[in-house]
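Each remark here refers to the structure printed beneath this line.
The values are calculated or read from the model by the stated rules, or taken from the named source; none is laboratory data. Note that this is a predicted model, so its numbers are computed, not measured. Heads up, the Cβs are rebuilt from the backbone with ideal geometry, glycines too, and the neighbour counts pull from every protein chain shown.
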Amino acid sequence: MKDDVILRTITKFMLPFIQIFAFYTLAHGEISPGGGFQAGVIFSSSFILIALVFGKNNARSKMPKSVNDILLSTGDFIYAFTGLFCIFTGGLFLEYGELPFHSAKEGNHIGMIIIELGVAITVAAVMMTIFFEIAGKEDD
């Protein structure tokens with residue numbers, strides 16, 4: 001597909017829109033269909049598209065394995081830290097209403113956003129890891 005000019009041009013045009021849609025899905029996840037998992041899959045699909053159209057090496061240069069590994073850990077850390085912070089503030093694991101904000105309603109809202117962000121980061125990194133591991137080492 002590297003020699004197909006139309007496919008390469010459309011891909012370059014669509015990539016920012018795919019990634020913006022992923023952030024939109026994340027931002028509106030608690031009030032509409034979507035959330036962290038869907039946003040992570042959509043965001044990782046943009047890198048998978050780069051790999052399919054421009055080659056795995058090009059995609060890997062935009063998302064190196066070291067950065068991907070850091071994102072895996074970061075997403076898990078955000079999720080776990082939020083749950084533990086709820087415990088330290090007097091609640092149960094992931095009881096957002098106990099977060100130290102102005103009200104329980106605000107704590108629930110902000111806690112959900114933080115958790116969804118951690119899920120999105122982890123899912124995007126896992127999806128990219130699965131793709132690159134299955135795709136193999138050689139660049140076609």
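Determine whether region 122-134 contains at least one residue that is surrounded by fewer than 16 Cβ atoms within 10 Å (Cβ to Cβ), farther than 21 Å from Thr11 by Cβ and of a type in the set (Asp, Glu).
There is at least one residue in region 122-134 that is surrounded by fewer than 16 Cβ atoms within 10 Å (Cβ to Cβ), farther than 21 Å from Thr11 by Cβ and of a type in the set (Asp, Glu).
Conditions (1) without any contact (Cβ under 8 Å) to a residue 40 or more places away in the chain; (2) within 30 Å of Ile110 (Cα to Cα); (3) charged (D, E, K, R), marked per residue:
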site: Lys12; (1), (2), (3): yes, no, yes
site: Pro16; (1), (2), (3): yes, yes, no
site: Leu26; (1), (2), (3): no, yes, no
site: Gly40; (1), (2), (3): no, yes, no
site: Ser61; (1), (2), (3): yes, no, no
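Give all pairs with beta carbons closer than 7 Å in which a residue from region 86-110 that is of a type in the set (Val, Ile, Thr) meets a residue that is outside any loop (DSSP other than H, G, I, E, B); count only pairs at least 6 apart in sequence or on separate chains.
What qualifies is Thr89/Glu98.
When you look at Thr122, is it touching a residue at least 24 places away in the same chain (Cβ under 8 Å) and within 13 Å of the chain's Cα centre (by Cα), yes or no?
Yes; evaluated as a whole, the condition is true for this residue.
Each row is one residue, and each column tells you yes or no for (1) surrounded by fewer than 15 Cβ atoms within 10 Å (Cβ to Cβ); (2) assigned to a helix (DSSP H, G or I); (3) of a type outside the set (A, V, I, L, M); (4) modelled with pLDDT of 90 or more.
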residue	(1), (2), (3), (4)
Leu49	no, yes, no, yes
Ser61	yes, yes, yes, yes
Asn68	no, yes, yes, yes
Thr74	no, yes, yes, yes
Tyr79	no, yes, yes, yes
Leu84	yes, yes, no, yes
Gly90	yes, no, yes, no
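Give the residues of region 92-107 that are in a loop (DSSP other than H, G, I, E, B), surrounded by fewer than 13 Cβ atoms within 10 Å (Cβ to Cβ) and more than 23 Å from the chain's Cα centre (by Cα), sorted by residue number.
Leu92, Pro100, His102, Ser103
Could you look through region 31-47, keep only residues that are aliphatic (A, V, I, L, M) and in a helix (DSSP H, G or I), and pick out the one that is surrounded by the most Cβ atoms within 10 Å (Cβ to Cβ)?
Checked region 31-47; the qualifying residue surrounded by the most Cβ atoms within 10 Å (Cβ to Cβ) is Ala39.
Among the numbered criteria (1) out of contact with any Ser or Thr (no Cβ under 9 Å at 6 or more places or on another chain); (2) at pLDDT 90 or above; (3) surrounded by 15 or more Cβ atoms within 10 Å (Cβ to Cβ), which single criterion is violated by Met112?
(2)
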